[in-house]
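Accompanying notes for the structure given below.
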Amino acid sequence: MRETMEINTTTTATADVATRWLYACAADPEASVPAGELLEEVRAELRGNVPVAPASLDDLLRRAADWASAERVRFRELGDRTQDDESRRVLVRRAALGCAPLALASGAWLQWLSAPGNADDDLVLRVLALYASDVGVGHPGASRGDAYLDLLRRLRLSENAVPLARLAGDPRIADGAFTLPSLLLVMSRRPDDFRGELLGADLCLRTVGLPPPLALVERALPVAADWPVIDPSAARRPEDPPPAEECRAVVADLVAREGRAAEAAVLLGLSWTLAALREHTDALHAELTAAADPAYDMAELMRLRAREGAVYHHEFELEGRSLAAWLTDARTDPSGLLAALARSRLVKPGRSSASALVRGLVGERGPMFRVFSPDDLTVIRRWIDSLPADSSEAAPPKAPDGDAAARPPGTAVARALRAGPWSEGRAPADLREAYHLLMVRTDTPALRSWCLEYVHGWLARSRYGMDGGAMPLPASWGSAGLRPWLQTQHDRHGAEFERNAEVPLPSREDVIDDTVQTAPLTLIDGSWLQGFTDHELASSDIGHALFQTYWDELGNGLAKLNHPLIYRAVLKEMAIDLPPTASPEFARWPGFRDESFELPVYWLCVGRFPRTFLPEVLGLNLAMELSGVGGTYRRARLALKRYGFNTRFVDIHNTIDNVATGHSAWAADAVDILLAGLPEAPGPGSRAETWERVRTGYRSLNPPSGLGARRAARRATRRGRIAPLFPFAGRR
């Protein structure tokens with residue numbers, strides 16, 4: 001049954017909540033965006049903002065570049081015309097905040113374009129390379145968005161910037177600043193439906209480069225930020241090609257592969273993005289122009305604070321009316337309140353230092369102590385100092401525009417997202433069907449619920465008898481971290497390899513059979529980490545190493561290093577030519593045994609919930625990366641070599657998974673970072689409880705298969721059915 005939840009659009013206070021709400025929802029790494037009506041509403045939004053049929057790609061790109069160049073000049077001139085330092089500071093802060101929703105999410109629209117089913121596609125690998133550069137792969141806090149966050153911190157404007165969803169609640173940012181990035185983030189959660197549009201948008205943004213309003217900020221603060229990193233048109237390394245050129249080449253290949261439909265999608269995405277940029281940039285320029293007048297800042301401050309202030313001040317009168325009544329009016333038009341304040345005894349025009357409004361009233365003994373922040377008081381002082389001595393000469397302040405459009409951008413999209421999908425869909429009939437359905441990032445409520453149940457069951461099975469059986473991980477985590485333990489395990493693997501030196505190698509038939517039955521697992525190498533491609537996680541303290549691991553498994557954007565392609569080459573040497581991994585034929589291929597899909601499906605399911613199952617994923621990642629280093633890979637190499645098969649796959653894993661500087665070391669470090677930041681006190685979220693979850697994840701690579709373990713899995717699966725089927729329905 002479809003649940004409908006309407007968005008109130010009757011007042012300016014809520015009119016543009018749609019784009020803010022979309023921004024916050026789509027920033028969630030576990031976001032689920034349904035098909036159906038929502039897709040049509042997004043497409044209607046794109047078409048509605050493109051006034052004429054899109055021009056050719058070359059023409060659009062020229063328009064974008066010329067427009068951006070002219071706009072940067074316009075914003076620099078605006079800053080240059082500002083005479084005093086305080087006014088210039090106001091413009092810089094407003095420009096920085098106005099660009100924050102887009103700049104903090106720079107590149108995020110590419111975050112889900114790679115998926116388990118297309119991880120060996122050259123086109124996808126090149127897009128992933130662009131995205132890896134955007135997030136500063138291999139380094140925490142190195143994304144383009146992080147560079148912008150550093151700028152906001154320098155300006156002391158970052159209090160609502162982390163996590164990204166909180167930015168939607170920052171009242172200092174105009175609603176229109178969320179229109180473009182909110183729709184991009186929503187489309188990023190439906191990559192198969194909007195690939196062309198997303199690449200067109202990306203090409204536009206890279207062609208434009210540094211958002212034009214930031215030219216004003218860069219002119220005023222040339223060394224306050226890493227501007228080349230913030231600029232999406234700038235390469236991160238000298239040897240890299242310009243990102244716009246690489247994106248253009250990717251678009252050309254997409255069009256060559258998929259034809260006119262793909263070309264139309266690219267042109268629509270590019271045209272819409274350019275139109276949205278123009279609209280937002282014009283609005284921000286008008287805002288900055290108006291903000292040069294101190295009365296504008298003061299009027300906006302009063303409008304933003306009027307709702308809370310109107311609850312009080314019923315006894316204090318101003319020109320025969322209660323201040324509460326003035327504040328009630330100020331929610332829509334603060335001009336009357338400002339004129340009355342300018343004429344009152346609270347204000348000495350031109351002399352803020354002598355005005356009670358910023359002296360006794362807000363002092364530590366005053367009735368408005370700590371009501372205004374230091375920045376608020378700066379706005380008030382600036383306004384008072386700008387008032388002429390004769391208050392009758394003061395021009396009435398222009399109230400900030402409330403953006404009262406008849407139908408604000410994103411309203412229909414937000415309504416469709418709130419309403420949820422038309423149906424829950426159908427759960428997979430078996431593991432093979434689940435494997436096929438999980439080749440893409442998107443899901444249905446039924447599939448999502450099925451995934452959660454499968455993970456809960458698998459983890460319950462992994463916990464069964466954990467303390468009584470062989471568990472390499474210690475019972476408790478020590479402050480020394482896992483590096484010493486890691487070295488010990490590596491030594492053990494080496495010793496086992498030496499002890500097994502005389503054990504006969506498996507037969508050629510067994511080697512081939514093992515290689516074939518492992519294919520459903522190995523051809524989705526890294527899929528347990530797919531959630532860490534999310535923009536905020538990919539450059540986080542914990543997630544950066546997990547994204548880099550995923551990036552390595554897929555070959556760092558190069559087909560010759562792509563692990564699934566290397567594995568397929570070995571299979572072909574064995575005369576095994578499998579269907580494409582994402583195809584239904586692959587999952588139904590008769591040469592696979594059903595049990596060969598059990599662990600791969602767990603990887604595919606748990607990888608969709610990087611926050612919900614973070615400790616378990618970290619444990620699984622540690623087990624996976626350590627599993628073959630020093631022993632199993634070396635023995636597999638001997639077997640492959642004996643029968644004349646290429647050993648490249650096991651060779652590359654034995655090196656990149658090493659325990660000193662490779663994936664195993666990164667996996668251990670990620671666990672240590674998580675545990676080190678948790679409290680010792682017992683209870684949920686404690687270090688001890690989280691460590692048990694890490695241990696469970698570690699064991700989940702190879703859980704017990706006995707009757708008791710299977711029963712534990714079934715019990716947990718039944719309990720897991722209480723999980724919400726659609727996470728956005730009902731949110732406000």
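Odds and ends about this structure:
- Pro428 in contact with a helix residue (DSSP H, G or I) (Cβ under 7 Å, 6 or more places away or on another chain) and open to solvent by less than 10 Å² (accessible area, probe 1.4 Å): no
- Cβ pairs under 6 Å, 6+ apart, first in region 499-517 and in contact (Cβ under 8 Å) with a residue 24 or more places away in the chain, second part of a helix (DSSP H, G or I) and open to solvent by less than 60 Å² (accessible area, probe 1.4 Å): Leu505/Ala639; Pro506/Ala639; Val511/Ala639; Gln517/Ser596
- Subset of region 553-569 that is under 23 Å from Val601 (Cβ atoms) and not aliphatic (A, V, I, L, M) - its residue that is most open to solvent (accessible area, probe 1.4 Å): Arg568
- Test: Ile566 is closer than 24 Å to Phe586 by Cα and either part of a loop (DSSP other than H, G, I, E, B) or among the hydroxyl-bearing types (Ser, Thr, Tyr) (or both): no
- Residues within region 553-565 that are of a type outside the set (D, E, K, R) and touching a Gly at 6+ places or on another chain (Cβ under 8 Å), tallied: 5
- Residue ID - farthest from Pro564 (Cα to Cα), chosen from residues in region 137-156 that are touching a Ser or Thr at 6+ places or on another chain (Cβ under 8 Å) and open to solvent by 10 Å² or more (accessible area, probe 1.4 Å): Leu149
- Some residue of region 207-219 being closer than 30 Å to Asp85 by Cα and free of Cβ contacts under 8 Å to residues at least 24 places away in the same chain: yes
- Flag for Ala582 being of a type in the set (Gly, Ala, Ser), out of contact with any His (no Cβ under 6 Å at 6 or more places or on another chain), outside any loop (DSSP other than H, G, I, E, B) and at pLDDT 95 or above: no
- Those residues of region 585-623 which are open to solvent by 30 Å² or more (accessible area, probe 1.4 Å), under 30 Å from Gly494 (Cβ atoms) and aliphatic (A, V, I, L, M), in sequence order: Leu599
- Close Cβ contacts (under 7 Å, 6 or more residues apart or on different chains) running from residues in region 399-428 that are part of a loop (DSSP other than H, G, I, E, B) to residues that are acidic (Asp, Glu) and modelled with pLDDT under 55 comprise Asp403/Asp16; Pro408/Asp16; Gly420/Glu3.
- The C-beta contact set for region 438-458 (first residue over 16 Å from Pro34 (Cα atoms) and assigned to a loop (DSSP other than H, G, I, E, B), second residue aliphatic (A, V, I, L, M) and open to solvent by 30 Å² or more (accessible area, probe 1.4 Å), distance under 6 angstrom, 6+ apart or interchain) comprises Met439/Ala582.
- Residue match in region 649-663 (condition: assigned to a loop (DSSP other than H, G, I, E, B), of a type outside the set (A, V, I, L, M) and open to solvent by 20 Å² or more (accessible area, probe 1.4 Å)): yes
- For Ala68: the one exception among (1) closer than 22 Å to Leu288 by Cα; (2) open to solvent by 20 Å² or more (accessible area, probe 1.4 Å); (3) modelled with pLDDT of 95 or more; (4) small (Gly, Ala, Ser): (2)
- For the criterion of being more than 30 Å from Ala174 (Cβ to Cβ) and at pLDDT below 95, Arg499 passes.
- Filter result for Asp534 (modelled with pLDDT of 95 or more and crowded, with 16+ Cβ neighbours inside 10 Å): yes
- Region 314-337 - residue that is under 43 Å from the mean Cα position of the chain (by Cα) and part of a loop (DSSP other than H, G, I, E, B) and, of those, nearest to Tyr296 (Cα to Cα): Pro334
- Hits in region 624-648 (condition: open to solvent by 30 Å² or more (accessible area, probe 1.4 Å), more than 24 Å from Gln487 (Cβ to Cβ) and not in a helix (DSSP H, G or I)): Tyr643, Gly644, Asn646
- Yes/no for Arg257 being surrounded by 16 or more Cβ atoms within 10 Å (Cβ to Cβ), at pLDDT 95 or above and out of contact with any Lys or Arg (no Cβ under 6 Å at 6 or more places or on another chain): no
- From the options Leu473, Leu447, Leu523, Leu417, residue that is among the hydrophobic types (A, V, I, L, M, F, W, C), surrounded by 20 or more Cβ atoms within 10 Å (Cβ to Cβ) and closer than 30 Å to Pro682 by Cα: Leu473
- Hits in region 570-579 - residues which are surrounded by 15 or more Cβ atoms within 10 Å (Cβ to Cβ) and either in contact with a strand residue (DSSP E or B) (Cβ under 6 Å, 6 or more places away or on another chain) or part of a loop (DSSP other than H, G, I, E, B) (or both): Met574, Ile576, Leu578
- Looking only at residues in region 358-389 that are farther than 14 Å from Pro294 by Cβ and assigned to a helix (DSSP H, G or I), the one that is least open to solvent (accessible area, probe 1.4 Å) is Val362.
- Those residues of region 197-215 which are open to solvent by less than 10 Å² (accessible area, probe 1.4 Å) and out of contact with any Asp or Glu (no Cβ under 6 Å at 6 or more places or on another chain), in sequence order: Leu198, Leu199, Gly200, Ala201, Asp202, Leu203, Cys204, Arg206, Val208, Pro213, Leu214, Ala215
- Annotation for region 390-409: at least one member residue is closer than 30 Å to Asn49 by Cβ, open to solvent by less than 30 Å² (accessible area, probe 1.4 Å) and either modelled with pLDDT of 90 or more or more than 34 Å from the chain's Cα centre (by Cα) (or both).
- Yes/no for His544 being in contact with a His (Cβ under 9 Å, 6 or more places away or on another chain), surrounded by 20 or more Cβ atoms within 10 Å (Cβ to Cβ) and assigned to a helix (DSSP H, G or I): yes
- Ala220 vs. criteria open to solvent by 20 Å² or more (accessible area, probe 1.4 Å), in contact with a Gly (Cβ under 7 Å, 6 or more places away or on another chain) and farther than 22 Å from Arg278 by Cβ: yes
- Verdict on Tyr296 being among the hydroxyl-bearing types (Ser, Thr, Tyr), out of contact with any Asp or Glu (no Cβ under 7 Å at 6 or more places or on another chain) and under 19 Å from Ile384 (Cβ atoms): yes
- Among the conditions (1) among the charged types (D, E, K, R); (2) in contact with a helix residue (DSSP H, G or I) (Cβ under 7 Å, 6 or more places away or on another chain); (3) in a helix (DSSP H, G or I); (4) open to solvent by 40 Å² or more (accessible area, probe 1.4 Å), the only one that Asp297 does not satisfy is (4).
The values are calculated or read from the model by the stated rules, or taken from the named source; none is laboratory data. Being a predicted model, the structure only gives us computed values, none of them experimental. As a convention, Cβ positions derive from the backbone with ideal geometry for all residues, glycine included, and neighbour counts pool all protein chains shown. Note: accessible area is taken over every heavy atom of the protein model, side chains too, but ligands, DNA and RNA are not part of it. Shrake-Rupley method; radii C 1.70, N 1.55, O 1.52, S 1.80 Å.
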